[in-house]
Amino acid sequence: MNMFKLNAFKNTDQSQLDPPKSKAELTRAQILGTALGLFREKGFDITTMRDIAAACGMAVGTAYHHFDSKEAIVAAYYEAVQLEHSSLVIEFNQKKHNLKQKLEQAFFSKLEIVQHDQKLLGVIMRYIGDAEHPLSIFGAHTSHLRQAGTDVFKVALADEKLPEHLNELAPTAFWALQMGMLLYFLHDQSGGEKTKKLVTAALELALQLLKLTAQPLIQPLVTPVLRKILSLLKAHALLM
């Protein structure tokens, strides 16, 4: 997993990065930062590995030694996004906040990280339907990122006293909602404002549902449904 915070790659100047531990890490960081800059400027499809190597002032073979394709660079970006998001959520939850604040932070911090990267997100999302592709968010190659994304919401919900089955289901449900947020954001031409309003409304509904399902009188009605949903998700390996 990439060791740097993603915000460091908003600028290709290596002085913006935390000092790598080795020359190889320095070279990898240079390639990643330069490539992301070119992807943002020229677009993913137009940029070539030769362009990236030239911008780094290195042989194209050196670039391929660290990343065997442009998709591998996007995969490193994908990991860096999740690493930074996880770190921000963990840090935020070290202090006392109510559930609404914790969920809003979990969603909006992710949106803030990717706010300038609609095109890069588009590259990742184009492979949703190809489970064999290394960038597919539902593929085997990204299972650790799905787990990390779900764990973000486990952290946010850790102090909540939810019914057993809901406690198990909620982190995956919020992760799925977050993926929906990112898909909507791809087509948001308002700079993310429409996405924020949609998420705010969705979270209000989600909080009402959580509160409702936690009521003692409602639990006998809800528990069998939650149990069936959990069984279905587990049977199809969809619950992280």
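Read-outs: derived from the displayed coordinates by stated rules, not from any lab. Just so it is clear, the model here is predicted, and its values are computed rather than measured. Ideal geometry is used to build each Cβ from the backbone, glycine not excepted, and the neighbour counts take in all protein chains shown.
Other residues lying with their Cβ under 13 Å from the Cβ of Leu226 contribute a combined charge of +1, Lys and Arg counting +1, Asp and Glu -1. Summing +1 for each Lys or Arg and -1 for each Asp or Glu among the other residues whose beta-carbon sits under 9 angstrom from that of Val81 gives -2.
For the pair Thr48 and Leu233, the difference between a 0.36 nm per residue extended length and the Cα-Cα distance amounts to 62.6 nm.
Can you pull the one-decimal nm distance between simple spin-label points at Ser69 and Gln147, each 7 Å off the Cα toward Cβ? Those two pseudo-labels are separated by 2.4 nm.
Each other residue within a Cβ distance under 14 Å of His141 adds +1 if Lys or Arg and -1 if Asp or Glu, for a net charge of -4. Across every direction, the projection of the convex hull enclosing the Cα atoms of the chain has a mean area of 14.2 nm². Based on Cα contacts under 8 Å between residues 6+ apart, segment 74-235 shows a relative contact order of 23 percent. Considering the zone a paramagnetic label at Glu164 would reach in this model (a point 7 Å from Cα along the Cα-to-Cβ line), which residues of segment 221-240 have amide N under 20 Å from it? Residues 221-235, 239-240 qualify, since their backbone N sits under 20 Å from the label point. Based on DSSP H segments of at least four residues, each scored -39500 (n - 2.57), the chain has a per-residue ellipticity at 222 nm of -21500 deg cm²/dmol.
Going by Cα centres, segment 32-89 and segment 138-163 are how many Å apart? Centre-to-centre (Cα) distance: 26 Å. Counting every alpha-carbon pair across segment 121-240, the share separated by more than 17 Å comes to 64%. For segment 61-136, applying the loop criterion from DSSP together with a ceiling of 12 other beta carbons within 10 Å to the trypsin sites (Lys or Arg not before Pro) yields Lys95, Lys96.
Treating only the Cβ of Lys, Arg, Asp and Glu as charged (+1, +1, -1, -1), what charge dipole size does the chain show about its Cα centre? Round to the nearest 20 debye. Magnitude of the dipole: close to 400 debye.
Kindly state, to the nearest 0.05, the FRET efficiency for Leu207 paired with Met179, given R0 = 25 Å and r defined as their beta-carbon distance.
0.85
Maximal additional length on extending the Glu41-Leu217 stretch stands at 57.7 nm, based on 0.36 nm per residue less the C-alpha distance.
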